[in-house]
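Let me begin by presenting the structure, written as structure tokens, before commenting on it.
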Amino acid sequence: MQLLIEELDGDVTKVILDGRMDITGAQNVDLKMNVIAGSKKYVVIDAQKLAFLGSMGLRTIVTVARTVKSRGGKIAMFGANQDVEKVLKMSGVNTLLPIVQDFQSAIALMQ
Amino acid sequence: MTANCAVQTSKDQLIVPSDLDKLTQVLPWVERMACAHAIPAHTQFAMNLCLEEILSNIIRYGYSNEPGHSITVRYSTISKDDFLLVIEDHAPPFNPLTEPLLPIEETLEGKREGGLGIRLFRSFAGNAKYESMPGGNRLSIRFLGTYPAPGEPIA
């Protein structure tokens, strides 16, 4: 599981999740995700390369979303495959952060 | 998800020790089953998800993270597009099919721990049956290989 960060215009941070966010994968990115949650205001999560998402990974995403929003920021996710999207919807996480199809839609939510 | 079909096996049983770090065995085993039995990608995802949530639950709560226990997972094909996983443990009785789910808002707001994994398991397990066994539990999960076409809504 890899996590890459790109700083974009408008104080937006793109977080690219690449791999499997299972128990091991979530542990691998937890620290980086917490740093992002505590320091970035506008966060777009790129889930195009996210192959798997389990409950441990969900907890990491929920924590980031809650922290960013509590600091007055905004967060959205885009590009999730059909299975990952089902996980997000069944868990109700889509009520915490918008899940959209593409990058442009996610950026539009940062305005 | 691309299965690694280079390694074939006829062993349709996996024994997992009561150690969360050993759950890394599950993915390659499911991939081998997928190669050997032509399991579709969406079904593999559902199998991996259910196994991760159920096995981690057994290790954490059933075995209280104590080493020295094990969980047995067996795979079998019922028919084309109909696959079965049977999970057996020696933990105290626990039925994940009837366990009350926490309100989703409480789970997400972090007010109470737990419940998310069981909720996901129930969403992805096509058809499951629980049996309390002498000295343990048996959970049988059937997965149907059919899945909505791209663009169709999923439940």
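Summed over the stretch B:48-99, residues that are in a loop (DSSP other than H, G, I, E, B) and acidic (Asp, Glu) total 3. Inside the stretch A:31-71, residues that are of a type in the set (Phe, Trp, Tyr) and touching a residue at least 40 places away in the same chain (Cβ under 8 Å) make up a count of 1. Taking the stretch B:10-58 as the range and being of a type in the set (Phe, Trp, Tyr) and within 11 Å of chain A (Cβ to nearest Cβ) as the test, only B:Phe45 passes.
Please determine whether any residue of the stretch A:30-52 is at the interface with chain B (Cβ under 10 Å from one of its Cβ atoms), touching an Asp or Glu at 6+ places or on another chain (Cβ under 8 Å) and either under 17 Å from A:Val87 (Cβ atoms) or among the small types (Gly, Ala, Ser) (or both). Looking for residues that are at the interface with chain B (Cβ under 10 Å from one of its Cβ atoms), touching an Asp or Glu at 6+ places or on another chain (Cβ under 8 Å) and either under 17 Å from A:Val87 (Cβ atoms) or among the small types (Gly, Ala, Ser) (or both), one finds at least one in the stretch A:30-52, hence yes. Just one of the numbered conditions (1) more than 17 Å from B:Arg119 (Cβ to Cβ); (2) more than 10 Å from chain B (Cβ to nearest Cβ); (3) buried (at least 20 other Cβ atoms within 10 Å of the Cβ); (4) not hydroxyl-bearing (Ser, Thr, Tyr) is not true of A:Arg71: (3). Taking the criterion of being open to solvent by 20 Å² or more (accessible area, probe 1.4 Å) and either in contact with a Ser or Thr (Cβ under 6 Å, 6 or more places away or on another chain) or closer than 13 Å to B:Phe143 by Cα (or both), would at least one residue in the stretch B:43-66 satisfy it? Within the stretch B:43-66 (the criterion being open to solvent by 20 Å² or more (accessible area, probe 1.4 Å) and either in contact with a Ser or Thr (Cβ under 6 Å, 6 or more places away or on another chain) or closer than 13 Å to B:Phe143 by Cα (or both)), the answer is no, since none of the residues qualifies.
In the set A:Val87, A:Val68, A:Val29, only one residue is under 14 Å from the mean Cα position of the chain (by Cα), farther than 24 Å from B:Gln25 by Cα and among the aliphatic types (A, V, I, L, M); that residue is A:Val68. Scan the stretch A:76-92 and tell me whether some residue there is of a type outside the set (Gly, Ala, Ser), open to solvent by 50 Å² or more (accessible area, probe 1.4 Å) and away from chain B (no Cβ under 11 Å). No - not one qualifying residue is present in the stretch A:76-92. The set of residues in the stretch B:13-34 that are open to solvent by 40 Å² or more (accessible area, probe 1.4 Å) and part of a loop (DSSP other than H, G, I, E, B) contains only B:Asp19.
The values are calculated or read from the model by the stated rules, or taken from the named source; none is laboratory data. Just so it is clear, the structure is predicted and the values come from calculations on it, not from any experiment. With ideal geometry, Cβ positions are generated from the backbone for all residues, glycine too; neighbour counts draw on all protein chains shown. The area values use the complete protein model at the heavy-atom level, side chains included, leaving out ligands, DNA and RNA. Shrake-Rupley method; radii C 1.70, N 1.55, O 1.52, S 1.80 Å.
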